[in-house]
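Novice: Pasting a structure here, questions to come.
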Amino acid sequence: MARIEITPTISIDESELDEHFVQASGPGGQNVNKVATAVQLRFDVARSPSLPEDVRRRLKALSGRRLTQDGVLVIDARRYRTQERNRADARERLAALIRDAATPPKPRRATRPTLASKKRRLESKTQRGQVKKARGRPILD
């Protein structure tokens, strides 16, 4: 079976993908009513043996609403008018999503604000307070 190369270390077997072709809306004229060109690609993130655990966890977080409760990622591709282009688009979008999940997040380094930035902040707060104070009723002599 063919494998889809995602990163040098991660590749997915095509048997893990489930593709369904459905009728698309949008451009295509009468053709749209009789040909199923839109692709619904399903990939079981929760049970895939191809994904390392950390990538699986990040992929679930990145997927958002595209992930079902069973842990299946659903990608709808209906951008193009042909089945093949929509199929390639869906696979590329899946690969891009997994690539994003494969890059670990940079660890945050704690930093402290500089003295100058603290002074700028306090000056802007003072100035804002003066603007608000000036909005009061005028003093009548």
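Novice: Taking N as the number of residues in segment 40-114, what value does Rg over Cα atoms divided by 2.2 N^0.38 Å take?
Specialist: Numbers: Rg = 15.7 Å, N = 75, 2.2 N^0.38 = 11.3 Å.
Relative to the rule-of-thumb radius for its length, segment 40-114 sits at 1.38.
Novice: Hey, another quick one. Pulled fully out, how much extra length does the chain show between Asp44 and Lys60, if you take 0.36 nm times their separation in residues and subtract their Cα-Cα distance?
Specialist: Numbers: separation 16, 0.36 × 16 = 5.76 nm, distance 1.06 nm.
Once the chain is fully extended between Asp44 and Lys60, it gains 4.7 nm.
Novice: Output the relative contact order of the chain, whole-number percent, from Cα pairs under 8 angstrom with separation of 6+ residues.
Specialist: On the way: 159 pairs, mean separation 27.9, N = 141.
The value is 20 percent.
Novice: Per Stokes-Einstein, at 4 °C and 1.567 mPa s, what whole-number D in µm² s⁻¹ belongs to segment 97-141, with the Kirkwood radius over Cα pairs as the hydrodynamic radius?
Specialist: 85
Novice: If each Cα of the chain is one equal point scatterer, what is log10 of I(q)/I(0) from the Debye formula at q = 0.09, 0.17 Å⁻¹?
Specialist: -0.50, -0.95
Novice: Roughly speaking, what is the stretch gain from Asp76 to Ala2, that is 0.36 nm per residue apart minus the C-alpha to C-alpha distance, in nm to one decimal? Spell out each step's value before the answer.
Specialist: Details: separation 74, 0.36 × 74 = 26.64 nm, distance 2.21 nm.
The span from Asp76 to Ala2 would gain 24.4 nm if fully extended.
Each reported figure results from applying straightforward, stated rules to the coordinates on display, with no laboratory input. Since this is a predicted model, take the numbers as computed values, not measurements.
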